[in-house]
Amino acid sequence: MNVCIIGEGLTALSLAKSLINKKINVHYYHKSKNNNFSSNRTIGISKSNFEFFKKKIFQISKNNHWKINRIEIYTDKIDKENLLEFENDKNDLFYIIKNNELLKSLKNNLSKSKFFKKIILKKDINEESLNKKEYDLIINCDASNFLAKKYFTKKISKNYYNLAYTTILKHKKIENNTATQIFTKQGPIAFLPISNIETSVVYSIDIKNKKKFDNSDVIDLINKNNPKYKINKINKLNNFELSSSNLRNYHHKNILAFGDMLHRVHPLAGQGFNMIIRDLSILTKLIEEKIELGIQLDSSILDEFEKRTRDKNFVFSKAIDLIYESFNLDKKVQNKSFSKILKGIGKNKNLNNYFIKLADTGINF
């Protein structure tokens, strides 16, 4: 069985690793020999997704992840009563991982496999040249290439007019297993611990009013909203634009769109890569079923994958968007009605546990 994966980054490499674990030949098409991914980017992985990743994809080393057992959410100011908190006495809630370190580990592991072949994506390559290689499946994780522009343009999109700034704080050693999110006037800022002396920051700043924020402005805002850290150093800032999208059709014949191409969400809930892992879990299960029956991989897998995932992904994406817009509305009208609802949820143990489970496993219907 031969599969072609086109793309860059963690999604494409995780997908490749899951397939070669099943002894499927993977040709990995990428744009350049050296990919310089930001060392300031981190990802949060929920407990169930983390267990799946370790079992079915790749064993993440103890040095490459950090446990989070409590989440505190505030509105406006850190010195006010917290709006909502999640805590699990029996289990960790999720794990923070440095994106770049996991990428390096995956690349090193894949390079040793006889089932994995890296191919530079040349400018003159097209669908016809891929078909000549007779791939059973072509999985595209790149939203800007010729396949995306030809077959995967119909989507529901939204521009948040936000810039997400990311960095890592170096600070004095503390017990650091609580993630903090504050909904400031400029936008949500998250402090995500990655060790007792380092904390990742993701700050989504509203630029709809066209006010320019330079790096010094953002650093000032980080310091202003700092919940507890005695900062020694703030790493270089990186930023990227934020938008959401949901693809209408997931596949064309034997070509599957995957990863951020299927769904892109606001990072405030930390669910982007978690949604991708859940998709990966369903796709690999479908492939396993075919292999066990001795059936060749074909587009029927992609039909079933779309049926099992598209509606769930759409509802989950819209739920995240609703949270963002509800806080925005509270900020504009200043009646804090949504904040009051969330405080009520926080005081109800059953509802609290339900939302912990929802963030961990996603929607099941």
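The set of residues in region 130-143 that are under 21 Å from the mean Cα position of the chain (by Cα), open to solvent by 40 Å² or more (accessible area, probe 1.4 Å) and closer than 16 Å to Ile120 by Cα is empty.
Would you call Arg278 over 30 Å from Thr75 (Cβ atoms), assigned to a helix (DSSP H, G or I), open to solvent by 10 Å² or more (accessible area, probe 1.4 Å) and touching a Phe, Trp or Tyr at 6+ places or on another chain (Cβ under 9 Å)? No. Taking region 86-198 and the strands (runs of 3 or more DSSP E) fully enclosed by it, the elements with 2 or more residues that are among the hydroxyl-bearing types (Ser, Thr, Tyr) are at 155-171, 178-183. Exactly one residue out of Ile194, Ile222, Ile174 is more than 21 Å from Leu84 (Cβ to Cβ), of a type in the set (Val, Ile, Thr), at pLDDT 95 or above and under 20 Å from the mean Cα position of the chain (by Cα), and it is Ile194. Sub-6 Å Cβ pairs linking a first residue in region 48-62 that is touching a residue at least 60 places away in the same chain (Cβ under 8 Å) and part of a helix (DSSP H, G or I) to a second residue that is open to solvent by 40 Å² or more (accessible area, probe 1.4 Å) and not charged (D, E, K, R), at least 6 apart or interchain, are Ser48/Thr361; Phe52/Ser281, ordered by first then second residue.
Filtered by the rule that a residue be assigned to a strand (DSSP E or B) and in contact with a strand residue (DSSP E or B) (Cβ under 6 Å, 6 or more places away or on another chain), region 248-266 gives Ile255, Leu256, Ala257, His263, Arg264. Taking first residues from region 136-150 that are farther than 14 Å from Asp279 by Cβ and partners that are assigned to a helix (DSSP H, G or I) and open to solvent by 60 Å² or more (accessible area, probe 1.4 Å), the Cβ contacts under 8 Å between residues at least 6 apart in sequence or on separate chains come to Ala143/Asp260. Checking every residue in region 323-333 against the condition of being buried (at least 20 other Cβ atoms within 10 Å of the Cβ), closer than 22 Å to Asp206 by Cβ and among the hydroxyl-bearing types (Ser, Thr, Tyr) gives at least one match.
Listed by first and then second residue, the pairs with beta-carbon distance under 7 Å, at least 6 apart or on different chains, first residue in region 88-107 and buried (at least 21 other Cβ atoms within 10 Å of the Cβ), second of a type in the set (Ser, Thr, Tyr) and part of a strand (DSSP E or B), are Phe94/Ser46; Ile96/Thr42; Ile96/Ser200; Ile97/Thr42; Lys98/Thr42. For beta carbons closer than 6 Å, sequence separation of 6+ or different chains, a first residue in region 350-364 that is over 19 Å from Ser317 (Cβ atoms) and a second that is surrounded by 13 or more Cβ atoms within 10 Å (Cβ to Cβ), the qualifying pairs are Leu351/Ile345; Ile356/Phe86.
Looking across region 159-176, the residues that are open to solvent by 10 Å² or more (accessible area, probe 1.4 Å) and aliphatic (A, V, I, L, M) come down to Leu163, Ile174. Just one of the listed residues (Lys224, Lys228, Lys212) is without any contact (Cβ under 8 Å) to a residue 24 or more places away in the chain, surrounded by fewer than 19 Cβ atoms within 10 Å (Cβ to Cβ) and part of a loop (DSSP other than H, G, I, E, B), and it is Lys212.
Quick one: would you say Ile71 is part of a strand (DSSP E or B) and modelled with pLDDT of 85 or more?
Working: part of a strand (DSSP E or B): yes; modelled with pLDDT of 85 or more: yes.
Judged against the criteria, Ile71 is a match.
Kindly indicate whether any position in region 287-300 is more than 22 Å from Asn40 (Cβ to Cβ), at pLDDT 95 or above and open to solvent by less than 30 Å² (accessible area, probe 1.4 Å).
no
The values are calculated or read from the model by the stated rules, or taken from the named source; none is laboratory data. Every value quoted in this text rests on a predicted model; they were computed, and no experiment measured them. Glycine gets a Cβ as well: all are built from the backbone with ideal geometry, and neighbour counts include every protein chain shown. Note: accessible area is taken over every heavy atom of the protein model, side chains too, but ligands, DNA and RNA are not part of it. Shrake-Rupley method; radii C 1.70, N 1.55, O 1.52, S 1.80 Å.
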